[in-house]
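The values are calculated or read from the model by the stated rules, or taken from the named source; none is laboratory data. Keep in mind the model is a prediction, meaning the values are calculated, not measured. In this analysis, Cβ positions are derived from the backbone assuming ideal geometry, glycine residues included, and neighbour counts consider all displayed protein chains.
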Amino acid sequence: MRIDKYLWCTRYFKTRSIATEACKKGHIKINEKAVKPSRDVFPTDKIEVRKNQINYKLTVLDVPPNRIGAKLVDMYRKDTTPKEAFEHSDLLKYSKDYYRKKGVGRPTKKDRREIDDYTTNSTEEE
């Protein structure tokens, strides 16, 4: 089975075309080598998927016949992603909040309307 189809079948990507794009960009590696979307997957292959700034590592246990339900995914792959990868993504989330809090910066549409109302009312009073 092709690597793009395998990643779609095991629900790592929502569509097969997104999986194909990830392969073309070099985000997918099999046995530490970047691969094309047409590369076949075999049991015992080690796959590394870079998605959302997390490097997922998995081992192919078997090849599914077609797209499978989320509960059955563990029959076809073994996830060996280290917990540090997920902790690193949490730290990135917190670091972004530290530098700029939500609502600070450019005014929202509501803020702009309130400013416009304030400025038009204050000029009419004078």
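Considering region 63-86, and only residues there that are surrounded by fewer than 10 Cβ atoms within 10 Å (Cβ to Cβ) and without any contact (Cβ under 8 Å) to a residue 40 or more places away in the chain, the residue that is farthest from the chain's Cα centre (by Cα) turns out to be Pro65.
For Val104, state whether it is hydrophobic (A, V, I, L, M, F, W, C), in contact with a helix residue (DSSP H, G or I) (Cβ under 9 Å, 6 or more places away or on another chain) and either modelled with pLDDT under 90 or assigned to a strand (DSSP E or B) (or both). First the steps, then the outcome.
Working: hydrophobic (A, V, I, L, M, F, W, C): yes; in contact with a helix residue (DSSP H, G or I) (Cβ under 9 Å, 6 or more places away or on another chain): no; either modelled with pLDDT under 90 or assigned to a strand (DSSP E or B) (or both): yes.
It is false that Val104 is hydrophobic (A, V, I, L, M, F, W, C), in contact with a helix residue (DSSP H, G or I) (Cβ under 9 Å, 6 or more places away or on another chain) and either modelled with pLDDT under 90 or assigned to a strand (DSSP E or B) (or both).
Count, please, the residues in region 51-72 that happen to be assigned to a strand (DSSP E or B) and either among the charged types (D, E, K, R) or outside the structural domain of Cys23 (by TED's automatic domain parsing) (or both). Adding up the residues that qualify gives 2. Kindly evaluate Val35 against the criterion of being within 12 Å of Thr10 (Cβ to Cβ) and of a type in the set (A, V, I, L, M, F, W, C). No: the conditions fail for Val35.
Can you tell me which residue is modelled with the lowest pLDDT among those in region 29-62 that are of a type in the set (A, V, I, L, M) and under 13 Å from the mean Cα position of the chain (by Cα)? Talk me through it step by step, then tell me what you get.
Within region 29-62, the first condition is being of a type in the set (A, V, I, L, M), and the residues that meet it are 30, 34-35, 41, 47, 49, 54, 58, 60-61.
Then drop every residue that is not under 13 Å from the mean Cα position of the chain (by Cα), which leaves 49, 54.
On the way: Val49: 93, Ile54: 85.
It comes out as Ile54.
Within region 28-50, being part of a loop (DSSP other than H, G, I, E, B) and in contact with a Ser or Thr (Cβ under 8 Å, 6 or more places away or on another chain) holds for Pro37, Thr44, Asp45. The number of residues in region 20-67 being of a type in the set (D, E, K, R) and under 18 Å from Phe86 (Cα atoms) comes to 4.
I'd like to verify a number: residues in region 9-27 that are surrounded by fewer than 19 Cβ atoms within 10 Å (Cβ to Cβ) and outside any loop (DSSP other than H, G, I, E, B), how many?
Keep residues of region 9-27 that are surrounded by fewer than 19 Cβ atoms within 10 Å (Cβ to Cβ), which gives 11, 14-18, 21, 24-27.
So of that shortlist, the ones also outside any loop (DSSP other than H, G, I, E, B) come out as 16-18, 21, 24.
Count: 5.
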